[in-house]
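The values are calculated or read from the model by the stated rules, or taken from the named source; none is laboratory data. Predicted model, so just to flag it, every value in this text is computed and none were measured. With ideal geometry, Cβ positions are generated from the backbone for all residues, glycine too; neighbour counts draw on all protein chains shown.
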Amino acid sequence: MNKRSSIPAVAIAAVLTLVCAAPATAAALASVVAQPAASGSTAGFDGVVEPVRQTTIAAQVSGAVVQLDAKVGDVVKSGQLLLRIDARAADQNAAASDAQVVAARASLEVATKQYERQQQLFRKNYISQAAMERAESEFKATRAQLAAQAAQAGAVRTESGFYAIRAPFGGVIAAVPVNLGDMAMPGRPLVTLYDPAALRVSVAVPQTVQARMEAGQAPRLELPGLPGKTQWVAPTHVERLPTVDAATHTVVLRLDLPAGQAGVSPGMFARAWLPMAGGGIPDGNVRVPLSAIVQRAEMTGLYVITPEGRPALRLVRLGRIEGDQVEILSGLMPGERVASDPQAAARVR
C-alpha cells in the first residue's frame, strides 16, 4: 500500500486552510514610492471664508439682560429686536426730563406775556429803558432754559433707546455671548451678526509669489468642505490689500464668492489657486494612490514601509484628489514607500 494515500483528505484540507490564513509577510507587500506633487502653472494657498459685512454689537449702557430673543443661527431682519436691557431707571429719567420740559415751556409762556406787556409800557414811556432791557433779558433766559431742557430730554430719550438692541442689518446671528440675566456693561459684546449674502475668502500670499501672479488670469477657489463639483468656485472679484505684513512678508488677497453660494459659512477652510507666470511654485507636497489611504472613523492614514521593511500606520492630512491620486499635505515625505494595499499591510505581524 502507498503510504501517501493513507493521509486523510481532511488533514490535507486543514493544512491548506492554515496556509491561506497565515499572516502576510512584509516582503510580499506591494508598495509605491511617494512622488512630489507636480508643479503646474498654478500655486495653491490656504485661506478661510469670512463675511464681507459683519458686526459685533456691544452694550452702551449698564443693566441686566431681561429679554433675549436672539439665538445662534437665527436669520433676522434689519431693525428686529434681539435683546433688551433693564431700562426702568432710564424710563424714569426720561419721564422726569419730559416733566422738566413741560415746566420750562409753561415758564416761557409766562415770560413771553410779561415781555409783551413790558414792550407796550415802554412804547407809552411808562417804564424806563433799563426796565425794558431787564424784561427782555428775563425772556431770553427763560427761552434758553426751555431749549436746554428740551435738549437734555432728547439726550435721555436717545440713551433710553440703547437698552433695546436691534439688528443694524439683515443677516445671520453668529454668536450670542450673553445669557438671560447677565449684567451688560459698556463695551461688552452682546451679539455678533453677519450678512450671508456677501462672503469672501481671505488668503495670505508671500510677497514674492504675489509679484509672479499672471496678469489677466482669474484665480480659482477650492472649498473642500463642499460636495462634488461644487468645491470649485470662480471668484467674482479679487482685491489685494495695499499693505505687506512686516512679520510674515505676506500680502492678503480677498476673493469674493458668488452671492447665494450654498453650504458656505464663515470659518470654512478654502484654498486659492493662483495663476503664476513662468510655472507654479513647488509646495513640497506628495501624491500617492487613493487606494493606499486608510479611513477609520475620524482617523485618516496610510501604511509607510519602514527601513526594516515593515509597514507602520501613519496619520496624514489629505489635499486635492485628482483621478486615482490624492495629495498628501502633511505626514509623508517624498521618496518614502507606501503600501498600496492597506488591508494586506494590516495583516503583517
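Scanning region 316-348 for residues that are within 22 Å of Phe45 (Cα to Cα) and part of a strand (DSSP E or B) turns up Arg317, Leu318, Gly319, Arg320, Ile321, Glu322, Gln325, Val326, Glu327, Ile328, Leu329, Ser330. Of all residues in region 212-222, none are surrounded by fewer than 17 Cβ atoms within 10 Å (Cβ to Cβ) and under 17 Å from Arg53 (Cα atoms).
A quick yes/no check of all residues on (1) at pLDDT 90 or above; (2) closer than 27 Å to Leu199 by Cα; (3) out of contact with any Gly (no Cβ under 7 Å at 6 or more places or on another chain):
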{"site": "Arg254", "(1), (2), (3)": "yes, yes, yes"}
{"site": "Leu329", "(1), (2), (3)": "no, yes, no"}
{"site": "Pro334", "(1), (2), (3)": "no, no, yes"}
{"site": "Ala346", "(1), (2), (3)": "no, no, yes"}
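Arg310 falls short of the stated requirement of being touching a strand residue (DSSP E or B) at 6+ places or on another chain (Cβ under 9 Å), charged (D, E, K, R) and surrounded by 13 or more Cβ atoms within 10 Å (Cβ to Cβ).
Scanning for something modelled with pLDDT of 90 or more and within 30 Å of Gln217 (Cα to Cα), does region 35-47 turn up at least one residue?
The answer is yes, given that some residue of region 35-47 is modelled with pLDDT of 90 or more and within 30 Å of Gln217 (Cα to Cα).
Right, Ser160: in contact with an Asp or Glu (Cβ under 9 Å, 6 or more places away or on another chain), on the phi < 0 side of the Ramachandran plot and either in the same structural domain as Ala59 (by TED's automatic domain parsing) or part of a helix (DSSP H, G or I) (or both) or not? Against the criterion (in contact with an Asp or Glu (Cβ under 9 Å, 6 or more places away or on another chain), on the phi < 0 side of the Ramachandran plot and either in the same structural domain as Ala59 (by TED's automatic domain parsing) or part of a helix (DSSP H, G or I) (or both)), Ser160 qualifies. Scanning region 105-140 for residues that are in contact (Cβ under 8 Å) with a residue 12 or more places away in the chain and either touching a Gly at 6+ places or on another chain (Cβ under 7 Å) or among the small types (Gly, Ala, Ser) (or both) yields a total of 4. Residues in region 179-203 that are crowded, with 19+ Cβ neighbours inside 10 Å and under 13 Å from Ala59 (Cβ atoms): Ala184, Leu190, Val191.
The number of residues in region 313-337 being touching a helix residue (DSSP H, G or I) at 6+ places or on another chain (Cβ under 9 Å) and farther than 22 Å from Pro224 by Cβ comes to 1. Kindly provide the set of residues from region 112-170 that are among the charged types (D, E, K, R) and under 30 Å from Gln54 (Cβ atoms), ordered by number. Within region 112-170, Arg157, Glu159, Arg166 meet the criteria.
Between Leu108, Leu146, Leu190, Leu180, the distinction of being in a loop (DSSP other than H, G, I, E, B) and either modelled with pLDDT of 95 or more or not β-branched (Val, Ile, Thr) (or both) belongs to Leu180 only.
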